[in-house]
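A short write-up of the structure that comes next.
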Amino acid sequence: MKILIVGAGIAGPTLAYWLQQTGHEPTLVERAPQLRRGGYIVDFWGTGFDVAERMGIVPRLLDEGYRVREVRELSATGRRIARFDPRHLITSARGRYVSIARSDLAAAIYDSLGGGVETIFDDTVTALHDDGERVHVQFASGSERDFDLVVGADGLHSRVRSLAFGPDEQFERNLGISVAVFEVEGYRPRDELVAVMHTQVGRQALRFAEHDDATMFAFMFRHEGEIPVDDIPAQKNLLRSRLAGMGWEVPEILDRMADARTFYLDGASQIRMPSWSRGRVALVGDAGACPSLLAGQGSALAMIEAYVLAAELARADGDHSAAFAAYERRLAPLILTKQDAAIGLGSAFAPRNRFELLLRNAVLGLMGVPLIAAIAMGRSLRDPITLPPLPAGRAV
Ligand SMILES: Cc1cc2nc3c(=O)[nH]c(=O)nc-3n(C[C@H](O)[C@H](O)[C@H](O)COP(=O)(O)OP(=O)(O)OC[C@H]3O[C@@H](n4cnc5c(N)ncnc54)[C@H](O)[C@@H]3O)c2cc1C
């Protein structure tokens, strides 16, 4: 089948890879003029790691990623409050865990296509008409084409979702926390392979030294209001106002915000839908099932979903309705479990009150005991799902 995939992030190119392997003809369309660079770092583990392994990209991910050796919490004056060594968790995950820039993960997935998938950059879809036999697609560039299927892999604010399923309000659940991330060059101090944090009631600041003398800063803060969309100066003002009066290095970090080479600010939301498909249109990754960044596993889940969707299409031998139903049946319980678990994690990043802050710091301290860390985290490092095999005769 000719299958249009909208979005070349994590889910889109993974799906393109597996569709290509199973004899389909995918086309990717990406709104950005090229693959995005820089941005934030994701922790990557679980069954998504197995999918990456089947695609042969794990050596590259380990080479380009980071093996974090300490998570450190500091007070407003820079005194150490708690620390733990996350490599104990990596051992529980049998070494199948890496922290890597989201854009490096996306690039590794995209490069695995070997240039064999048509990719249209700097364009998007503006209308989808599913006549039962084909989907007629109009693009922002003015061109029009027909596809057998269209898959939205265009992230949390998916255009395909709103075109095919209706307004976002039905599906988006804001968790009351926002996140901002930016990167600058030449910041000091660095503390290689250490995630250094300072957390107060309602907000957290984190610094992590990246390759090539760059530093990533991430901020989480309680925020129920609107986020200024596509207005970076207004987003920076919002961030400044939310971090006002915060100690540690925050004033110096905010002074460097003007030099930021990348800047991101958004609300932490989940996408919960009664179904991930309608007719010949389906969703994959954050577009249909965003667990929110609090889950710390959206990339891995996006890869699992992309693999399972392609596998079910191959297993159903062209019956897309049967494949979409099987895709949903197989994954919905896993996604719901991850989404429910993520909701409870907000207090770890932006505690609501002093009690939650003290409790969070105490738990962080206990994570310094390897056995406790393994017991506390061990289960969440294993995903309760088995990847379906591809039918005999199809690629590995
Ligand atoms: C601060 C932060 C920290 C995170 N930490 C982690 C973590 O530790 N571990 C983890 O696994 N996950 C983490 N995540 C979540 C993870 O990044 C996402 O779950 C993952 O990127 C989802 O992949 P995706 O392909 O569905 O969407 P995306 O990666 O968002 O990709 C969507 C793509 O679609 C493109 N696009 C958007 N709209 C259109 C359009 N209209 N037309 C065409 N193209 C379009 C975008 O440019 C992008 O390339 C974090 C997220 C954030 C924000």
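All of the numbers you see were taken from the coordinates with simple rules; none came from a lab. The model shown is predicted, which means the values in this text are computed figures rather than measured ones. Every residue, glycine as well, gets a Cβ built from its backbone with ideal geometry; the counts of neighbours run over all protein chains shown.
Farthest toward the positive end of the dipole of the chain, out of 271, 362, 294, is the Cα of 362, where the dipole comes from beta carbon charges about the Cα centre. Helix 354-366 and the longest principal axis of the C-alpha atoms of the chain enclose an angle of approximately 80°.
The angle between the Cα long axis of helix 298-315 and the longest principal axis of the Cα atoms of the chain comes to about 20 degrees, rounded to the nearest 10. What is the Cα centroid distance between the range 21-73 and the range 262-339, reported in whole angstrom? The two parts, judged by their Cα centres, are 17 Å apart.
Divide the volume of the convex hull around the Cα atoms of the chain by the residue count and you get 133 Å³ per residue.
Taking the Cα atoms of the range 91-164, the ratio Rg/Rh between the radius of gyration and the Kirkwood radius comes to 1.11. Here the contact order of the chain, divided by its residue count and restricted to Cα pairs under 8 Å and six or more residues apart, works out to 23 percent.
Computed over the range 178-257, the P(r) tail beyond 15 angstrom holds 55 percent of alpha carbon pairs. Once the Cα atoms are used to define both axes, helix 320-343 deviates from the longest principal axis of the chain by about 10 degrees.
Across the range 201-214, rounded Karplus estimates of 3J(HN,Hα) from the backbone phi angles (6.51 cos²θ - 1.76 cosθ + 1.60, θ = phi - 60°) give 4, x, 6, 8, 10, 9, 10, 9, 6, 9, 4, 6, 6, 8 Hz, Gly and Pro being marked x. Summing +1 for each Lys or Arg and -1 for each Asp or Glu among the other residues whose beta-carbon sits under 11 angstrom from that of residue 37 gives +1.
With contacts taken as Cα pairs under 8 Å and at least 6 residues apart, the range 264-396 reaches a relative contact order of 22 percent.
Computed from the Cβ-Cβ distance with R0 of 35 Å, the FRET efficiency linking residue 83 to residue 387 stands at 0.45. Convex hull volume of the C-alpha atoms in the range 321-396, normalised per residue: 137 Å³. Exposed loop sites were defined as trypsin sites (Lys or Arg not before Pro) in DSSP loop states (anything but H, G, I, E or B) carrying at most 14 other C-beta atoms within 10 Å; in the chain the longest segment without such a site runs 95-260. With each label modelled as a point 7 angstrom along the Cα→C-beta vector, the residue 369-residue 257 pair spans 4.0 nm.
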